[in-house]
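One structure is given here, and the rest of the page talks about it.
The values are calculated or read from the model by the stated rules, or taken from the named source; none is laboratory data. Remember, it's a predicted structure, so these values are computed and weren't measured experimentally. Glycine gets a Cβ as well: all are built from the backbone with ideal geometry, and neighbour counts include every protein chain shown.
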Number of protein chains: 2
Amino acid sequence: MEKRIRVPEPTIARLATYFRCLADLSDQEVGVVSSEEIAFRAGVKASQVRKDLSYFGEFGVQGLGYPVPRLLDRVASILQLDQQHRVALVGAGNLGTALAGFPGFARWNFHILWIFDSSPAKVGQEINKITVEPTSSLPRSLAADLGILAVPGPAAKDVAQLLVDSGVTALLNFTGAHLHLGSKVSVRNVDLTHELAILAYHARRPDPTPES
Amino acid sequence: MEKRIRVPEPTIARLATYFRCLADLSDQEVGVVSSEEIAFRAGVKASQVRKDLSYFGEFGVQGLGYPVPRLLDRVASILQLDQQHRVALVGAGNLGTALAGFPGFARWNFHILWIFDSSPAKVGQEINKITVEPTSSLPRSLAADLGILAVPGPAAKDVAQLLVDSGVTALLNFTGAHLHLGSKVSVRNVDLTHELAILAYHARRPDPTPES
DNA sequence: TAGATTGTTAATCGATTAACAATC
DNA sequence: TAGATTGTTAATCGATTAACAATC
């Protein structure tokens with residue numbers, strides 16, 4: 001790799017998949033793995049794997065493959081999974097509460113350290129050892145790098161801005177609202193009704209059988 | 001539109017966004033809307049909107065725009081949001097319970113009618129008026145078109161197969177596992193740790209300032 | 001009619017894939 | 001060395017965008 005080329009977003013997403021595969025291989029004490037094997041597990045082409053990795057350096061040994069522990073470390077470092085991430089969660093309804101206890105987060109080094117809700121009934125309660133604070137206490141300096149939005153749709157824009165003003169630079173948005181927060185803030189939207197709608201389009205609709 | 005051309009997957013995803021915008025416009029009693037306005041609300045280009053719609057027919061009036069009620073109907077029909085969808089949910093943990101009560105679903109015509117869990121402690125409980133049944137009662141004929149997988153990762157593959165054997169043809173998968181279920185079954189993966197990992201990559205990493 | 005906006009074609013852009021020289 | 005697999009280039013593929021004729 002010579003020039004620092006822009007890394008495609010799909011590459012980043014696949015890197016997370018590779019990370020999971022590599023963690024599995026590492027658990028199984030596999031020492032070396034080929035791009036072919038990673039590709040098979042991740043459901044992509046081998047050349048895709050090599051191309052994706054090549055954006056970040058050369059991690060393999062020709063004729064052999066990739067040393068699992070080393071590659072796992074490197075991928076973790078690229079995704080910054082080798083450092084703790086402090087997460088602020090807004091919305092302590094059913095979804096927010098489920099997210100607060102989501103077992104996968106801790107294993108990937110994500111730690112929800114703040115929970116906010118606007119309902120006085122929720123404020124003061126403990127969820128997963130965290131005391132729920134009033135959303136009205138925002139904005140304030142939070143030392144959080146990530147934020148999760150699990151509030152009702154109409155509140156989304158305001159709460160998102162409160163989080164940004166509190167220093168959060170990346171947001172996971174479950175509200176279905178379209179947020180415009182400027183280019184300094186990354187947003188990933190998880191829209192559950194959208195997902196079901198896409199599935200509804202496909203359900204029972206056999207892929208067009210090419211006739212002729 | 002003449003030939004039945006393959007519709008790109010991103011187009012389907014955007015259609016769901018347009019649907020939401022159109023529903024908003026309809027609530028506001030707006031009668032006609034331009035591709036420009038839809039595009040602005042959806043965060044895409046106007047030509048993208050027109051291209052996306054053109055895969056399914058001609059819904060606009062030159063010089064004027066699109067009649068909102070008619071277009072809303074048509075988009076709903078394309079996504080099959082004009083008919084009820086029966087959903088089977090497996091996994092009644094925190095996440096599953098939150099999904100069972102997710103307010104957005106009913107509004108989009110998705111109805112969770114079955115909830116399964118493998119834990120005897122959960123079976124027999126009522127969640128949102130639905131009695132939790134044992135996962136071991138699957139497979140059986142379910143009259144569900146969609147399935148939601150909210151079980152722990154290791155159980156994912158088996159439970160997915162049980163749902164498919166029960167007649168489900170589309171699956172929303174929260175387990176993070178990579179499912180291979182053949183081409184007749186659509187799968188959408190929602191992987192929360194992946195999303196956070198992608199955000200972690202971007203957090204505090206200013207977009208590469210071109211330094212020329 | 002003049003102005004506006006669609007539907008569609010063609011150009012552009014960017015990502016995926018195949019192919020292969022480098023090399024362990 | 002012979003066999004294998006990487007890293008990278010070039011070809012392919014598919015989606016986005018711009019442009020504009022059609023037409024309300």
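Within segment B:151-204, the set of residues being among the aliphatic types (A, V, I, L, M), in contact with a helix residue (DSSP H, G or I) (Cβ under 9 Å, 6 or more places away or on another chain) and facing chain A (nearest Cβ under 7 Å) comprises B:A170, B:L172, B:V190, B:L192, B:L196, B:A197, B:I198.
Considering segment A:3-105, the qualifying helices (runs of 4 or more DSSP H), each wholly inside and each with 1 or more residues that are away from every other protein chain (no Cβ under 13 Å), run over A:9-27, A:35-42, A:46-54, A:68-78.
Residues are listed down the side, and each one gets a yes or a no for (1) more than 22 Å from A:H194 (Cβ to Cβ); (2) buried (at least 21 other Cβ atoms within 10 Å of the Cβ):
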| residue | (1), (2) |
| --- | --- |
| B:F116 | yes, yes |
| B:K122 | yes, no |
| B:S166 | yes, no |
| B:V190 | no, no |
| B:L196 | no, yes |
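Which ones in segment A:2-55 are closer than 16 Å to B:E195 by Cα and within 11 Å of DNA strand C (Cβ to nearest atom)? Hits for segment A:2-55 are A:P8, A:E9, A:P10, A:T11, A:I12, A:A13, A:R14. With respect to the conditions (1) over 22 Å from A:L199 (Cβ atoms); (2) more than 16 Å from DNA strand C (Cβ to nearest atom); (3) surrounded by 14 or more Cβ atoms within 10 Å (Cβ to Cβ), B:G60 falls short on a single one, namely (2). Every test in (1) more than 10 Å from chain A (Cβ to nearest Cβ); (2) within 21 Å of the chain's Cα centre (by Cα); (3) charged (D, E, K, R) is passed by B:K122 save one, and that test is (2).
With respect to B:A144, determine if the residue is of a type outside the set (D, E, K, R), at pLDDT 95 or above and under 18 Å from A:V190 (Cα atoms).
no
Of all residues in segment B:28-50, those satisfying the criterion of being of a type outside the set (A, V, I, L, M, F, W, C) and either more than 7 Å from DNA strand D (Cβ to nearest atom) or surrounded by 15 or more Cβ atoms within 10 Å (Cβ to Cβ) (or both) are B:Q28, B:E29, B:G31, B:S34, B:S35, B:E36, B:E37, B:R41, B:G43, B:Q48, B:R50.
Please enumerate the residues belonging to segment B:188-212 that are among the hydrophobic types (A, V, I, L, M, F, W, C) and modelled with pLDDT of 95 or more. Full working, then the answer.
Quick first cut of segment B:188-212, residues among the hydrophobic types (A, V, I, L, M, F, W, C) only: B:190, B:192, B:196-200, B:203.
Within segment B:188-212, B:V190, B:L192, B:L196, B:A197, B:I198, B:L199, B:A200 meet the criteria.
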